[in-house]
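Remarks on the structure that follows.
The values are calculated or read from the model by the stated rules, or taken from the named source; none is laboratory data. Treat the numbers as computed from the prediction; the structure is a model and nothing was measured. Here the Cβ positions follow ideal geometry from the backbone for every residue, glycine too, while neighbour counts run over all protein chains shown.
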Amino acid sequence: MADIYVKMVGEDDSPDKCREARRRRIEMRRFTVVAGDSPSRAGSLSRSAERKREAEAEADAAESDPATGRGEKRSRPARDDSLTPPPPPPSSATPSSPSTPTSPGEASGAPAIASCSASSPAPAVEPRLAFGSISLSGRSREMEDAVSVQPGFFLPPGGGSMLHFFAVFDGHGGSHVSALCKERMHVILAEELAAAGVAEATDEDRWRAAMARSFERMDELALTACVCGNVGYPPCRCERSGIESDIVGSTAVVALVSRDRLLVANCGDSRAVLSRAGRAFPLSSDHKPDRPDELARIEAAGGRVIYLNGARVHGILAMSRALGDRYLKPAVISEPEVRIVQRSAEDECLIIASDGLWDVLPNDLACDVARRCLEEADTAKGTEDLGTGAAEGATGVQEEQQASEEHCSAAAALLARLALGRKSADNISVIVIDLRRS
């Protein structure tokens, strides 16, 4: 019995068993503290308990085993992985997970390269066209001009660059026809271009035909417009639908600008002038009743040109072509003259304006003023780059674009003020388009 008692005591109270039990108690206390404390406090206590456990393990390794007499290191109890972050995977051998894909260059240790293959280059982004416009009543009591600007209004379906629409409509006898043209002309033109299937490589005859058909449709719509605002059939029968509506019309000068060409269609005496290599090139010709070819056409249609404060159709209208003007048909027609010009690196700007500007300001002077305003933008940009360093990336492009637009607006405003200073008696509408960066 005594032997059995001694054996049981020796087994239960061996140094190994005591140390193991003490180690378990320490672990239980550590988990209790971590679960009930704050994350920062728990992390601190966890590290302290771990250091204490490592010290005890080293002390155990230094002691000799009573049975063998050899010093053996005891195994450490398992740690809680939820409290200790896992070690980072080795970059040279561990493959990437599906959630973080690795490019072939990264997997082989090669430097990362932008994913832009030579076989499928990224599509080029066309720079935005910079422009500015102004429209003033001037010394006239009524405002009958209208300006329409529609950037990117049409993309040829067969490919090619975006088309931008710019137009000035100079009304006479009232404003409802010019306002209608501003609202509808670009819509009609986009429909006709799409129906004709025009593209950059399309022959010029198809462009001209689409433009002529657009003016014809716009004229038909203008002839159904009443001063009261009603448009279309059945015709309006209000008290203002008679002669008051029949004598209202509008000029129209329309410019389409793409990356490679300029297309200008004109009907009336508004004008588009191109500044190229420091010189002015008119892209339209005013339709005046005393122009030899127009005079012959008017007389052939049974009309007359009477000189009352200048040449006028039937002594009334100072232009030979216009949209609307039912009372003066067929002497006054709506057929436009269309001119197509290929863009050049020497192009500087395009000016589109009503006769309120061109009656008092010659083409050369107008182009010189606009060109100097745009050159000031370049000078200011160069001075800024010298002082602060050249702008980089998208921010620099946006700042340059904004500066160009501001100077286009300043050029348009300055031209209008010059016309006022030269005693222009009509409405003044001006659009200035910067062609250098587009």
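Worth a mention:
- Taken together, 296, 222 contain a single residue that is under 17 Å from residue 172 (Cα atoms) and assigned to a helix (DSSP H, G or I), which is 222.
- The strands (runs of 3 or more DSSP E) located wholly in the range 123-194 that include 2 or more residues which are within 24 Å of the chain's Cα centre (by Cα) and surrounded by fewer than 18 Cβ atoms within 10 Å (Cβ to Cβ) occupy 145-154.
- Here the condition is being of a type in the set (S, T, N, Q) and outside any loop (DSSP other than H, G, I, E, B); of 285, 241, 275, it holds for 275 alone.
- Residue 214 among the polar types (S, T, N, Q) and modelled with pLDDT of 90 or more: yes
- Criterion (in contact (Cβ under 8 Å) with a residue 40 or more places away in the chain and either within 30 Å of residue 205 (Cβ to Cβ) or not in a strand (DSSP E or B) (or both)) met by exactly one of 309, 266: 266
- Checklist (1) surrounded by 24 or more Cβ atoms within 10 Å (Cβ to Cβ); (2) more than 22 Å from residue 365 (Cα to Cα); (3) hydrophobic (A, V, I, L, M, F, W, C) applied to residue 263, failing item: (1)
- Under the condition of being surrounded by fewer than 23 Cβ atoms within 10 Å (Cβ to Cβ) and of a type in the set (S, T, N, Q), the residues counted in the range 269-328 number 2.
- Residues being of a type in the set (Val, Ile, Thr) and outside any strand (DSSP E or B) - total across the range 244-263: 3
Rundown of residues vs (1) modelled with pLDDT of 90 or more; (2) part of a helix (DSSP H, G or I); (3) of a type in the set (Asp, Glu), yes/no style:
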site	(1), (2), (3)
396	no, yes, no
411	yes, yes, no
414	yes, yes, no
417	yes, yes, no
420	yes, yes, no
423	yes, no, no
432	yes, no, no
437	no, no, no
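- Filter result (over 19 Å from residue 327 (Cα atoms) and free of Cβ contacts under 8 Å to residues at least 40 places away in the same chain) within the range 282-303: 290, 291, 292, 293, 296
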